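Nothing in this text is a laboratory measurement; each read-out follows from the coordinates by a stated rule. This structure is a prediction, so every number in the text was calculated from the model and none was measured. No Cβ is skipped: glycine too gets one built from the backbone with ideal geometry, and neighbour counts run over all protein chains shown.
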Amino acid sequence: MNIAILYTSYRQFEELDFAAEFLQQTGYLKQCDIIYHNNNKSIDVDALNQKLSQLPCRKLRFIYNPVANSGGYLYGHLEAICDAMNAIEDGYYDWVIHLHPDVFIVNEELLLTTLKEASAQDKVLVVTRNFGSHSAAFGTDFFAFRPSETIRAVFQSTLNSFSKMVAEKVAIMNETVLFHEVYHHQVPFYLAKRYVADVWHRDLDCLGLWHEHDMSRVRAYLENPSARWRRIPVRCLRKPKQALYIAKEWLQSYQSDQPNESLLKLLTKVEVSLN
């Protein structure tokens, strides 16, 4: 398979150090192309280029387009995705893996197996659920696609619809809009299992990915994988109500024999309120 990794970013720097380390440990993906898109008008482009130079790859393409960011935090990432997709030639890559720079590839075999299964089923988009198995939402921090006019239309429609809803102050997630656009365009998609109960956490998932905001945990993992758990008790002590709520939900699912992650993995969600 001819694969490219597409990163859409805004202000990540330290994350690229760790992304490079994880990619260096891969066998196949470190030989693929990397397309890196940034739309932050205030970023130090020279410093970013230095960081990008350490990423192992066959070919690096850096797209810097601060004009493609009128939506800021709310939908600037969707603008980045659409802008990057327009720069990718149809048919050249079998798959493009989209990630945020803080989504690390820890186990490439799980990810590659998923792409092979999607290919065997003639799918053109790989998506995941991050907010529960019954939630009408597809994650945007990771997805994979076969470049085509149809895929570009799906994400452009997602951007257009979501930005309009934001302007009208409609309370909706961009992941929900993407879900509906995928169905509206009748895109043949492969629904990959990323989390045991289809609910996100900040640890290694079923696709071999790890979306982490606390780089000290990543640093600890690279020194000793088990060391990444040391900060979790501290977080729970700092946010006891949130930790107890997560533990209560986990206990309820455990008692009802519903599939779920380990409690320790779910407690990694406590860090979100600390950043």
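Let me know the charge dipole size of the range 3-192 about its Cα centre in debye, to the nearest 20, where only the beta-carbon of Lys, Arg (+1) and Asp, Glu (-1) is charged.
Working: 14 positive and 22 negative charges, 47 e Å.
So the dipole magnitude of the range 3-192 works out to roughly 220 debye.
Quick check on my link table: of 169/248; 193/269; 116/193; 241/269, which ones sit more than 22 Å apart, alpha carbon to alpha carbon? Present the calculation step by step, with values, prior to reporting the outcome.
Working: 169/248 33 Å; 193/269 19 Å; 116/193 14 Å; 241/269 13 Å.
Check vs 22 Å cut-off fails for 169/248.
Charge tally for residue 47 (other residues, Cβ to Cβ under 13 Å; Lys, Arg +1; Asp, Glu -1): -2. Rounded to 0.05, the FRET efficiency of the residue 134 and residue 229 pair, given R0 = 35 Å and the Cβ-Cβ distance, is 0.70.
So, R0 is 30 Å and r is the distance between the beta-carbons of residue 244 and residue 54; what FRET efficiency does that work out to, to 0.05? Efficiency, rounded to the nearest 0.05: 0.15.
Would you mind pulling out the separation of the Cα centroids of the range 134-205 and the range 47-73, in Å? Here the two parts' Cα centres lie 23 Å apart. 3J(HN,Hα) along the range 118-132, derived from phi through the Karplus expression 6.51 cos²θ - 1.76 cosθ + 1.60 where θ = phi - 60°, amounts to 5, 5, 4, 9, 6, 8, 10, 8, 10, 10, 9, 9, 10, 10, x Hz, with x in place of Gly and Pro.
Around residue 223, with a cut-off of 14 angstrom between Cβ atoms, what is the net charge of the other residues, counting Lys and Arg +1 and Asp and Glu -1? Spelling it out: positives minus negatives among the neighbours equals +3. Among residues other than residue 160 with Cβ under 11 Å from its Cβ, the summed charge is -1 (Lys and Arg +1, Asp and Glu -1). When the chain is treated as a GNM with alpha-carbon contacts under 10 Å, the residue of 254, 75, 64 showing the greatest mean-square fluctuation is 254.
What is the dipole size for the range 209-274, taken about its Cα centre, with +1 at each Lys and Arg Cβ and -1 at each Asp and Glu Cβ, in debye to the nearest 20?
Values: 12 positive and 7 negative charges, 70 e Å.
Charge dipole of the range 209-274: 340 debye, to the nearest 20.
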